[in-house]
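The values are calculated or read from the model by the stated rules, or taken from the named source; none is laboratory data. Just so we're clear, the structure is a prediction, and the values are computed from it rather than from any experiment. Here Cβ is always computed from backbone atoms with ideal geometry, including for glycine, and neighbour counts include all displayed protein chains. Surface areas here come from the heavy atoms of the whole protein model, side chains and all, with no ligands, DNA or RNA. Shrake-Rupley method; radii C 1.70, N 1.55, O 1.52, S 1.80 Å.
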Amino acid sequence: MSFLNHYIYYIGAFGLIFIGLYIVLVKHNLIKVIIGLSIMETGVNLFLISIGYIKGGTAPIFSTPEIEAARMVDPVPQALVLTAIVIGVAVLALALSLAIRLYQHYGTLNLRKIKEQRW
Amino acid sequence: MIFVFLLVLLMLIAAIAASIFKDLISAVIAAALVSLIAAILFYLLQAPDVAMAEAAIGAALVTVVFIIAIRRTKRFEE
Amino acid sequence: MRRIISILLLGIIALGITLSLAKIPFGTPKTKVGRYYIDKGVEETGATNIVTSVVVNYRAFDTLGEVTVLFIAAIGLGAVLTTGRRKKPERKIEPASLVLYTGCRFLFPLILLFGAYIFVHGHLTPGGGFQGGAIVASAFVLTYLGCRERRISERGSKLAESLGGLIFVIVGLVGLAVGGYFLMNFLPKGIPNFLFSAGIIPILYIVIGVKVGSELAGIIDNLIEESE
């Protein structure tokens with residue numbers, strides 16, 4: 001039980017990464033694959049943030065003077081993830097636009113029916 | 001603590017649902033639920049900046065982009 | 001067969017990742033650089049939100065690169081979706097219902113104001129240019145859904161985007177000329193926890209907010225354009 005107590009955030013993050021990886025590996029539909037990539041990205045972000053957490057910590061903002069600096073959580077992973085989320089949506093939109101063009105060209109989104117995309 | 005357990009469980013169930021649904025719009029809504037719960041977890045991990053970004057982008061804009069793309073292609077996975 | 005191979009592969013990857021990463025303890029301080037930013041951040045940059053001081057002061061060059069990636073993705077999306085130079089026929093767009101139309105016209109300025117508040121106060125409270133920009137973009141999404149005949153002008157969004165990038169680089173070059181390195185915080189720091197403090201951080205975050213907002217709105221506009 002205490003193992004679960006300590007690692008529940010890690011379990012959530014790894015669960016998301018593996019479910020996303022499963023979707024990417026197994027599904028045939030291109031849009032489903034992109035949904036899997038987005039779930040995977042959320043999992044990686046959650047993992048990075050939970051690495052930076054400190055037990056009983058506070059957010060790294062000095063909004064009132066009585067907040068002490070010693071108990072603040074690590075700001076570096078938060079800064080990295082913040083930009084990663086915004087880049088993620090732009091890259092996702094680019095991937096979806098490629099999917100739309102593939103559909104206009106081949107008339108299907110099934111990766112096993114598109115000859116050049118089969119593996 | 002029980003609250004966090006329930007949230008993580010619900011998040012994983014939503015992610016599995018996103019992989020099972022044949023209707024792509026349902027799958028996208030399930031993925032948006034994953035993002036929304038991840039935003040709550042970010043807030044509980046004392047990262048309010050990231051929680052705001054995830055709630056505004058992961059749950060809203062990503063869903064809109066997906067739904068526009070699905071409208072321009074096919075709705076059901078065969 | 002393919003599915004079995006995939007699941008087997010997934011199991012191997014899962015085992016490897018779990019074994020290597022489960023050794024990271026949860027809830028203990030790990031990096032020294034984060035400790036340094038917390039201890040010296042307010043004094044060196046004047047911003048009370050340490051995440052903001054990391055994003056737009058200590059790692060501002062990194063942020064410039066990330067904004068550039070966003071810009072390139074937006075350009076690439078436009079290039080992929082453009083199909084020749086054919087003229088689009090003027091289509092009659094079916095108007096939304098009165099309730100939707102009125103509600104969206106009422107909410108649009110409020111959401112814009114909220115987004116602007118978020119990115120102006122980025123150095124004091126949670127929030128900043130990226131979150132505020134996303135909120136601004138969601139206001140434009142609302143007009144696409146509710147007031148369908150309204151469109152953002154493409155030239156306006158391109159102008160805001162380019163101006164944002166230009167001001168970011170110019171502020172960085174002024175820092176180079178004044179103090180010797182790119183993106184130096186050359187303005188007075190002021191008193192922490194006041195709106196006019198933290199030197200160039202509010203300027204850069206407002207610029208990032210405008211740039212991200214216009215880029216995301218432009219992406220949605222590009223995607224939605226031919227679908228009607």
Amide H within-cut-off set for residue C:186, under 5 Å, with H built and near neighbours excluded = C:200
Per-residue average of Cβ from other chains inside 10 Å of C:134-143 | 4
Count neighbours as other Cβ atoms within 10 Å of each site's Cβ, and list the chymotrypsin sites (Phe, Trp or Tyr not before Pro) in segment C:147-206 that are DSSP loop with at most 10 such neighbours.
-> C:181, C:196
Sketch the reach of a paramagnetic label on residue B:26 as a point 7 Å from Cα along Cα-to-Cβ, and name the residues of segment B:3-19 whose backbone nitrogen lies under 13 Å away.
-> B:17-19
Exposed trypsin sites (Lys or Arg not before Pro) being those in a DSSP loop with at most 15 other Cβ atoms within 10 Å, the longest stretch of chain B free of them is B:23-74
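Please report the buried accessible area for the interface of B with A, total over both chains, probe 1.4 Å, in Å² to the nearest 100.
It comes to approximately 3900 Å² buried between B and A.
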Which semi-axis lengths, in whole Å and largest first, follow from the square roots of five times the eigenvalues of the Cα gyration tensor of the protein assembly as shown?
-> 35, 30, 19
At what distance in angstrom do the alpha carbon centres of segment C:138-193 and segment A:1-74 lie from each other?
-> 30 Å
For A:70-77, B:48-55, C:33-40, ranked highest to lowest by mean beta-carbon neighbours within 10 Å, the order is B:48-55, A:70-77, C:33-40
Under a 10 Å cutoff between Cα atoms, tell me which one of C:180, C:133, C:190 has the largest fluctuation in the Gaussian network model of chain C.
-> C:180
Just grab the label-to-label distance for residue C:106 and residue C:68, each label 7 Å out from Cα along the Cβ direction, in nm (one decimal).
-> 4.6 nm
Could I have the simple spin-label model distance between residue A:63 and residue C:163, label points 7 Å from Cα toward Cβ, reported in nm to one decimal?
-> 3.2 nm
Taking amide hydrogens as modeled 1.01 Å from N in the peptide plane, which residues meet the under 5 Å criterion relative to residue A:58, leaving out close sequence neighbours?
-> A:72, A:73
Debye intensity ratio I(q)/I(0), log10, chain B, q values 0.12, 0.23, 0.27, 0.28 Å⁻¹ (C-alpha model) = -0.37, -1.01, -1.18, -1.22
Percent relative contact order for chain B, counting Cα pairs under 8 Å at least six residues apart, stands at 32 percent
By the Cα gyration tensor axes a ≥ b ≥ c (a/c under 1.5 gives rounded; else a/b larger than b/c gives prolate, otherwise oblate), the shape of chain C is oblate
dims of chain A, Cα set, principal axes, largest to smallest, nearest Å -> 63, 34, 16
Given the peptides C:62-73, A:26-37, arrange them by the average over their residues of other C-beta atoms within 10 Å, most packed first.
-> A:26-37, C:62-73
Test assert for segment A:25-52: residues whose accessible surface shrinks by at least 40 Å² between chain alone and all chains, 1.4 Å probe, equal A:25, A:26, A:27, A:29, A:31, A:32, A:35, A:39, A:42, A:46, A:49, A:51
Where only protein heavy atoms count, and the probe is 1.4 Å, what is the accessible area per residue for chain C in Å²?
-> 53 Å²
Accessible solvent surface per residue of segment B:1-55, calculated while the other protein chains remain in place, 1.4 angstrom probe, Å² | 40 Å²
Mind listing the phi-derived Karplus ³J(HN,Hα) values for segment C:22-37, rounded to whole Hz, using 6.51, -1.76 and 1.60 with θ = phi - 60°, and x for any glycine or proline?
-> 5, 6, 6, x, 9, x, 10, x, 10, 9, 7, 5, x, 4, 4, 4
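Once the piece of chain linking residue C:40 and residue C:22 is laid out straight, how much longer is it, given 0.36 nm per residue of separation minus the C-alpha distance between them? Show your work: numbers first, answer last.
Details: separation 18, 0.36 × 18 = 6.48 nm, distance 3.17 nm.
That works out to 3.3 nm of additional length.
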Hey, quick one: spin label on residue C:182, modelled 7 Å out along Cα-Cβ, who in segment C:47-72 has an amide N within reach, i.e. under 17 Å?
-> C:55-72
Accessible area per residue, 1.4 Å probe, Å², for chain A: what's the number?
-> 40 Å²
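Rounded to the nearest 0.05, what FRET efficiency do residue C:174 and residue C:82 give with R0 = 60 Å and r taken as the Cβ-Cβ distance? Could you check?
Details: r = 37 Å, r/R0 = 0.61.
Given R0 = 60 Å and the Cβ-Cβ separation, E is 0.95.
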